[in-house]
Amino acid sequence: MSDMFVLAMPWWEFILRAVVVYAVVLGLVRLSGKRALGQITPFDVLLIVLLGNAVQNALLGQDSSLAGGLLLAATLIALNYAVGWLTTRSRRMERLIEGEPVLIAHDGRLLDSVLRRELITRADFDAAMRQQGCRSITEVELALLETNGHITIVPRAPAA
């Protein structure tokens, strides 16, 4: 019981490890694309669980104390808050961390090369069209892949 609060390394090393792991995992998630963020599937849940397990040792090292785990949790929450605070106050940081919407269809034409680059299947796009009331690509004025991974469809204005 007395080892519950004894750290196996200096407190600042926990914080440094958390910052490095947070930055690297954030970068990897950002590189994986918007689609991965917007559509949670059972495979995505599995990936999240495995990522957590994979970085556990990088975060904790040899430490298994309660204090070390709590220090890491507090650091990760503080980092997440700081990133949110920064992205709401700096457009440049928002673009860097969250990205920008991507045009995937315009004026009734689907941009197939963009779909492939963003890892969006035609079935995913068709489902987004149906959800937003469009039956065919010809009814689409504009389609965007938002920074959160969702597809926004702007239908063409009805002909007068």
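The values are calculated or read from the model by the stated rules, or taken from the named source; none is laboratory data. No experiment lies behind these values; they were computed from the predicted model shown. Heads up, the Cβs are rebuilt from the backbone with ideal geometry, glycines too, and the neighbour counts pull from every protein chain shown. Keep in mind that these areas ignore ligands, DNA and RNA; they rest on the heavy atoms of the full protein, side chains included. Shrake-Rupley method; radii C 1.70, N 1.55, O 1.52, S 1.80 Å.
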Take the stretch 110-121 and flag every residue that is touching a helix residue (DSSP H, G or I) at 6+ places or on another chain (Cβ under 7 Å) and within 26 Å of P158 (Cβ to Cβ).
L110
Right, A74: within 26 Å of F14 (Cβ to Cβ), touching a residue at least 40 places away in the same chain (Cβ under 8 Å) and hydrophobic (A, V, I, L, M, F, W, C) or not?
no
Within the stretch 106-151, tally of residues that are in a loop (DSSP other than H, G, I, E, B) and of a type in the set (S, T, Y):
3
Members of the stretch 79-113 found to be touching a residue at least 24 places away in the same chain (Cβ under 8 Å) and closer than 16 Å to S32 by Cα, listed by number:
I97, E98, G99, E100, P101, V102
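May I ask you to verify whether G99 is surrounded by 13 or more Cβ atoms within 10 Å (Cβ to Cβ), of a type in the set (G, A, S) and under 16 Å from the mean Cα position of the chain (by Cα)? Full working, then the answer.
Values: surrounded by 13 or more Cβ atoms within 10 Å (Cβ to Cβ): yes; of a type in the set (G, A, S): yes; under 16 Å from the mean Cα position of the chain (by Cα): yes.
Yes.
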So if I check each of R122, R116, which one is open to solvent by 70 Å² or more (accessible area, probe 1.4 Å) and either touching a strand residue (DSSP E or B) at 6+ places or on another chain (Cβ under 9 Å) or in contact (Cβ under 8 Å) with a residue 24 or more places away in the chain (or both)?
R122
